[in-house]
């Protein structure tokens, strides 16, 4: 099975979701939740990303059919990834797309200033741009992803904390190995890999992706 088809035929044993609960969320909380849905497209399922582009407005409007599909597909992809890597030794790490930069935003601002999903959404922008700078994905695809994140009501510019602050928080993150920062990067459309990157390049991406 190709990476772009991750989970296409995988059926979780049983997942119960009460979609009515989503009706109680403020718009900001709903958008934050969409970050964790959007991440599955660029790292695992290009067709799902295309679907999200067509239905992001429906999701923000709490359309029941759109919500049901988004939740189901997200559960299928996550269940497939976890089943392949139950001990978190490799593949499962791709589920942290956007989280390395996102956790640095949360820690740098102070937890609670931004919602977790807001930080992850902006973190995906930075991770995608780093992927592009490393020659792993083309600029047009990064632009597509940034547009989708923006349309979901999520921030696409990070807070200007200084690259050194970002790097410090990423270096002490639990996913770092011996102080070496590990990023989940887009390795072609609908695929991902975990790897490091030069600090200087990461700093350039951070500075270019932060609000002026």
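Numbers at a glance
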{"quantity": "Computed log₁₀ I(q)/I(0) - Debye formula, equal Cα scatterers, no solvent, the chain, q 0.18 Å⁻¹", "calculated": "-1.35"}
{"quantity": "Highest-first arrangement of 117-123, 183-189, 62-68, 20-26, where packing means the average Cβ count within 10 Å", "calculated": "117-123, 183-189, 62-68, 20-26"}
{"quantity": "Sites residue 199 and residue 113 - FRET efficiency at Förster radius 30 Å, r taken between beta-carbons, to 0.05", "calculated": "0.75"}
{"quantity": "Computed P(r) (all Cα pairs; the stretch 40-97; 5 Å bins; percent)", "calculated": "4, 19, 25, 22, 15, 9, 6, 1"}
{"quantity": "Cα centroid of the stretch 69-130 to Cα centroid of the stretch 172-194, whole Å", "calculated": "11"}
{"quantity": "GNM top mover of 158, 102, 178 - the chain, alpha-carbon springs below 10 Å", "calculated": "178"}
{"quantity": "Estimated FRET transfer efficiency when R0 is 30 angstrom, pair residue 65-residue 211 (beta carbons, to 0.05)", "calculated": "0.25"}
{"quantity": "Overall form of the stretch 147-206 per C-alpha gyration tensor (a/c, 1.5; a/b vs b/c)", "calculated": "oblate"}
{"quantity": "Relative contact order (%) - the stretch 3-208, alpha-carbon pairs under 8 angstrom, separation at least six", "calculated": "26"}
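All of the numbers you see were taken from the coordinates with simple rules; none came from a lab. Keep in mind that this is a model prediction, so the values were computed, not measured. No Cβ is skipped: glycine too gets one built from the backbone with ideal geometry, and neighbour counts run over all protein chains shown.
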